[in-house]
Amino acid sequence: MKLPLSYYLFMNQGISWLFIVMVGLTFGLSAKAESVSSVSHAPWDQLLHAHVVDTPDGRSTSVDYRGMLAERAKLSAYLQSLALVKKDAFARLSQPAQLAFLINAYNAWTVELVLTAYPDLTSIKDLGSFFRSPWSRSFIPLLEETRSLDNIEHDLIRGDNGYQEPRIHFAVNCASIGCPALRAEAYDEARLESQLEDQTRRFLQDPSRNRVVGDSLEVSSIFKWYREDFQQGWLGYSRLEDFLSHYSDALALTSDQVQALSDGGLKIRFVSYDWGLNQSFN
């Protein structure tokens, strides 16, 4: 009997997720053995330097997943080092060190997730199912719990006890073309402020994602999905329009356009999101 294609896709996804869970359990069991007070992001930094490349226009980046796959053991060792950090040790870190840790963890685990099925996928969404997205699956051993990517982003980073830092949306990477660039270096406590600022400006300067068209300022759907984060008082701003005006130079807005944005004459519209895999074909 010839089975439908959907059956094989389902089985393939099931095997991939079983592998991820087994990896997570392995990391989790080893993490019980000891606790560390800090973690080196140098291995992740080296992987990013080696396998993240600028797009031809220089406005974003793509990932050489084949290269990452060849060095998967190094990535796995880095992820295991993150799993060794206990909650009490994490709490003693400075806020910039905590935030750098969480962003790096999110991005590294996203790459690991892609590698479980690469090259047999065209989007990270292929790793989800009808019932659950890839971001909502709990498979990540981190800070003494098994977490999902959603948990890291929405609870640990963005939650009520989070960091009130809207620019993280230009740092966490969802392995998609529409997403802000995966930075070609690890986030670092000492340089986090400059890294977040650079990521924000680089993303906003890209006219394929953010541009003025007629009487509208067309911006990424990120600003629609997370609008509240840009209106919670960062630098005293309580409106998305104020946040965007702060970066008027990156958006190449004239003084008249900035005024129109503030007054409502320049309407904000949201562009569609490209969920294609951010892979390099070099």
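When segment 63-114 is filtered for residues that are more than 21 Å from Arg158 (Cβ to Cβ), crowded, with 22+ Cβ neighbours inside 10 Å and aromatic (Phe, Trp, Tyr), only Tyr78 remains.
Sort out which residues of segment 208-223 are assigned to a loop (DSSP other than H, G, I, E, B), farther than 22 Å from Ser238 by Cα and not small (Gly, Ala, Ser), and write them in order of number. Before you say what the answer is, go through the steps one by one.
Within segment 208-223, the first condition is being assigned to a loop (DSSP other than H, G, I, E, B), and the residues that meet it are 208-210, 214-215, 221.
Add one more test, that the residue is farther than 22 Å from Ser238 by Cα, and what stays is 208-209, 214-215.
Arg209, Asp215, listed by residue number.
Annotation: of all residues in segment 141-161 being in contact with a strand residue (DSSP E or B) (Cβ under 9 Å, 6 or more places away or on another chain) and of a type in the set (A, V, I, L, M, F, W, C), the one that is surrounded by the most Cβ atoms within 10 Å (Cβ to Cβ) is Leu142. Just to verify a result, which residue in segment 225-262, among those that are of a type in the set (S, T, N, Q) and buried (at least 16 other Cβ atoms within 10 Å of the Cβ), is farthest from Glu153 (Cα to Cα)? Result: Gln257.
When you go through Leu48, Leu69, Leu75, Leu25 one by one, which is the residue that is aliphatic (A, V, I, L, M) and at pLDDT below 50?
Values: Leu48 fails: at pLDDT below 50; Leu69 fails: at pLDDT below 50; Leu75 fails: at pLDDT below 50.
None of the others qualify; the one that does is Leu25.
Checked against the criterion of being among the polar types (S, T, N, Q) and in contact with a strand residue (DSSP E or B) (Cβ under 7 Å, 6 or more places away or on another chain), segment 104-116 contains not a single residue that satisfies it.
Inclusion of Asp274 among residues that are on the phi < 0 side of the Ramachandran plot, surrounded by 18 or more Cβ atoms within 10 Å (Cβ to Cβ) and either touching a His at 6+ places or on another chain (Cβ under 8 Å) or in a loop (DSSP other than H, G, I, E, B) (or both) is not warranted.
Only one entry in Gln195, Gln199, Gln259 is in a helix (DSSP H, G or I) and either farther than 30 Å from Pro43 by Cβ or touching a strand residue (DSSP E or B) at 6+ places or on another chain (Cβ under 7 Å) (or both), namely Gln259.
The values are calculated or read from the model by the stated rules, or taken from the named source; none is laboratory data. None of these values were measured; they are calculated from a predicted model. Cβ coordinates were reconstructed from backbone atoms using ideal geometry, including for glycine residues, and neighbour counts include every protein chain displayed.
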